[in-house]
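Structure first, commentary second.
The values are calculated or read from the model by the stated rules, or taken from the named source; none is laboratory data. Bear in mind the structure is a predicted one, so any value in this text is a computation, not a measurement. When we count neighbours, we look across all protein chains shown, and the Cβ atoms used for this are built from the backbone with ideal geometry, even at glycine.
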Ligand SMILES: [Fe+2]
Ligand SMILES: [Fe+2]
């Protein structure tokens with residue numbers, strides 16, 4: 001009797017929650033949503049749906065055979081030639097990429113399972129297929145240069161687990177597509193431009209092409225998930241995002257010795273990673289048709305924090321360093337030209 005009363009009280013609330021989840025395109029509790037095609041789409045929503053669907057088709061058309069590609073590259077470049085210091089640097093840095101690819105695989109599989117609109121589900125499924133390939137190819141590549149790394153530093157682990165174990169799908173999408181993947185793209189670009197090792201450089205070109213499509217899934221589907229959030233939900237999302245940005249700075253500090261071993265300036269990683277994250281968020285705001293003032297505040301805060309950790313003039317005295325921090329805090333997002341060139345898929 002008591003149980004039945006409780007169910008009666010809870011059911012309008014649950015019905016509202018279900019309606020809200022449906023509007024956002026997440027309905028994990030419905031095994032077979034026979035009504036999934038019933039929702040009428042506006043012209044703009046139809047356009048977004050076609051772009052999302054195209055991510056899947058483009059992913060299929062551009063899928064590459066990981067085993068065959070790695071072998072072809074090894075044959076073409078006569079194997080992998082690295083000094084012991086470069087080997088250590090690459091193993092240290094690409095441990096993050098290896099386990100990050102597994103994290104991306106898990107998150108995208110979760111998105112593919114839970115997102116309801118057909119087109120977003122297709123895009124997430126295509127991403128899961130790409131991430132599986134990225135994971136096994138990176139594992140194969142790293143096994144060519146020594147033992148495959150089986151652990152990560154605590155701050156780096158915190159970044160990946162923070163997104164993997166996030167309490168909502170929106171956080172997972174923000175964490176993976178808008179924060180981690182743009183940073184991975186920055187890393188790929190720098191390692192490729194430094195021409196550290198030709199097999200890896202050629203592989204990373206293929207990874208970069210795939211990753212830009214993944215960012216596009218976030219840009220195109222997040223507006224629907226963010227729309228209609230209550231102030232409490234929005235505050236929870238931004239607080240979580242702040243924590244993730246904070247952890248990402250810690251991760252870069254932890255990885256700094258590996259960047260140095262490979263001759264990469266960590267400030268370049270910060271600069272290019274920031275530009276790609278800002279660009280991804282600008283594209284998101286364009287899709288939403290409104291700004292996210294909280295992001296502007298985050299960018300200013302973390303520009304100041306990174307300027308403090310990695311000052312433009314490393315030998316500056318305290319006063320000059322403080323002035324650099326204030327200059328960085330005043331910079332803001334501005335307009336960043338499209339470093340994610342094929343983000344619209
Ligand atoms: Fe990937
Ligand atoms: Fe990805």
Examine region 207-227 for a residue that is more than 11 Å from ligand 2 (Cβ to nearest atom) and free of Cβ contacts under 8 Å to residues at least 40 places away in the same chain, and state whether such a residue exists.
no
If the Cβ limit is 9 Å and pairs must be 6+ apart or interchain, which residue in region 315-341 that is farther than 15 Å from residue 298 by Cα pairs with which residue that is surrounded by 13 or more Cβ atoms within 10 Å (Cβ to Cβ) and at pLDDT below 75?
323/316; 324/316
Any residue that is more than 13 Å from ligand 1 (Cβ to nearest atom) and buried (at least 20 other Cβ atoms within 10 Å of the Cβ) - is there at least one of those in region 128-137?
no
Picking from 155, 195, 209, 213, the residue that is farther than 22 Å from residue 23 by Cα and within 12 Å of the chain's Cα centre (by Cα) would be 213
Scanning for something part of a helix (DSSP H, G or I), within 16 Å of ligand 2 (Cβ to nearest atom) and within 17 Å of residue 192 (Cβ to Cβ), does region 87-96 turn up at least one residue?
yes
Within region 286-328, the count of residues that are touching a helix residue (DSSP H, G or I) at 6+ places or on another chain (Cβ under 8 Å), within 20 Å of residue 242 (Cβ to Cβ) and in a helix (DSSP H, G or I) comes to 17
From 200, 187, residue being more than 14 Å from ligand 1 (Cβ to nearest atom) and in contact (Cβ under 8 Å) with a residue 60 or more places away in the chain
200
Filter result for the condition that a residue is over 30 Å from residue 54 (Cβ atoms) and in contact with a helix residue (DSSP H, G or I) (Cβ under 9 Å, 6 or more places away or on another chain), over 228, 273, 263:
263
